[in-house]
Amino acid sequence: MKKTKSLLLSTPYLVWMVAFTLIPLGVVAYYALTDPATGAFSLGNLKSLGMYLPVLWKSIAYSLVSAMICLLLGYPVAYYIAHRSPVAQKFLYMLVMLPMCMSFLLRTLAWVGLLQDTGIINTLLTGLGLPRLTLIRTPAAVVLGMVYNYLPYMILPLYATILKIDKRLIEAAEDLGCTPAQTFGKVVLPLSMPGILSGMTMVFVPAVSTFYISQKLGGTDTVLIGDVIERQFKQGNNPNLGAALSLVLMVLVFVCTGIMNRFGGDEAEGGVVV
């Protein structure tokens, strides 16, 4: 009886997973492994991926750099929030979440208005008699867009992890003569690793597949794998190759989430499990 009730309660979730996860994944795999002309099984699409490996490595590099910058910026913020009063924590948590309530497209376009050659920053520079700077259509602009859009994904798991650290362990380290730096390095930082790994994964996964940020803030030398996939479906008229690229990217995402679930701890430790 109990099993039947549990199955009934989980049915909507199972239907949702099949309809919106398993079937779309199956469609992607089908197109990736079939010949576009005959529809027969073929590995030709996967063999064509070699020419896009430089773009894939570039996307991974940009995403890793963005994740590291998010970690350097997000850890102090998460640490600060976790050590405020409960009322202050709720307010600061809301401030972190607030940008995520705005459209992703609008947030990216706002940076276009700031960084473009006739944008706000260059207008201020010329008003002060200083030369204009090339701020947009650069790798730095793409990384900046990634960091801005995905920074909350780093702060939130870090905050949850740091908040759950037993303060008695910190007090014990201090009683044993550890300096603040030693306490942080030997107690706080190791106990924060589940949140760090979760945050790194949560930033890396959307960053490696992004295409809108690179299109609006990047140039011809900042084409990422997400841009290539979009072009195969929209301009290249080759959905099979686009599906093959998506399949490789999907495997990479699964590997990242698998590593996070394996080493990122569980909810009791403050990790985020996907």
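If you go through region 90-108 and keep only what is surrounded by fewer than 15 Cβ atoms within 10 Å (Cβ to Cβ) and either free of Cβ contacts under 8 Å to residues at least 24 places away in the same chain or over 19 Å from the mean Cα position of the chain (by Cα) (or both), you end up with Lys90, Phe91, Met94, Leu95, Leu98, Cys101, Met102, Ser103, Leu106. No other residue among Leu33, Leu56 is within 22 Å of the chain's Cα centre (by Cα), surrounded by 16 or more Cβ atoms within 10 Å (Cβ to Cβ) and over 26 Å from Gly185 (Cα atoms) apart from Leu56.
What number of residues within region 215-262 satisfy the criterion of being hydroxyl-bearing (Ser, Thr, Tyr) and farther than 30 Å from Pro194 by Cα? Of the residues in that region, 2 qualify. Within region 171-186, restricting attention to residues that are closer than 17 Å to Pro76 by Cβ and surrounded by 14 or more Cβ atoms within 10 Å (Cβ to Cβ), the residue that is nearest to the chain's Cα centre (by Cα) is Phe184. Looking at this structure, is Gly226 without any contact (Cβ under 8 Å) to a residue 24 or more places away in the chain, among the small types (Gly, Ala, Ser) and assigned to a helix (DSSP H, G or I)? No: the conditions fail for Gly226.
If I filter region 129-143 for residues that are crowded, with 16+ Cβ neighbours inside 10 Å, touching a helix residue (DSSP H, G or I) at 6+ places or on another chain (Cβ under 6 Å) and more than 30 Å from Asp221 (Cβ to Cβ), do I get at least one hit? The answer is no, given that none of the residues of region 129-143 is crowded, with 16+ Cβ neighbours inside 10 Å, touching a helix residue (DSSP H, G or I) at 6+ places or on another chain (Cβ under 6 Å) and more than 30 Å from Asp221 (Cβ to Cβ). The set of residues in region 216-238 that are surrounded by fewer than 19 Cβ atoms within 10 Å (Cβ to Cβ) and more than 19 Å from the chain's Cα centre (by Cα) comprises Gly219, Thr220, Asp221, Arg231, Phe233, Lys234, Gln235, Gly236, Asn237, Asn238.
Looking only at region 85-106, residues that are out of contact with any helix residue (DSSP H, G or I) (no Cβ under 8 Å at 6 or more places or on another chain) and not aliphatic (A, V, I, L, M) come to 6 in all. Among residues of region 190-218 that are farther than 13 Å from Tyr159 by Cα and among the charged types (D, E, K, R), those with a Cβ under 6 angstrom from a residue that is modelled with pLDDT of 90 or more and assigned to a helix (DSSP H, G or I), sequence gap 6+ or separate chain, pair up as Lys216/Thr108; Lys216/Val112.
The values are calculated or read from the model by the stated rules, or taken from the named source; none is laboratory data. Predicted model only: the values in this text are computed from it and were never measured. Glycine also receives a Cβ, built like all others from the backbone with ideal geometry; neighbour counts cover every protein chain displayed.
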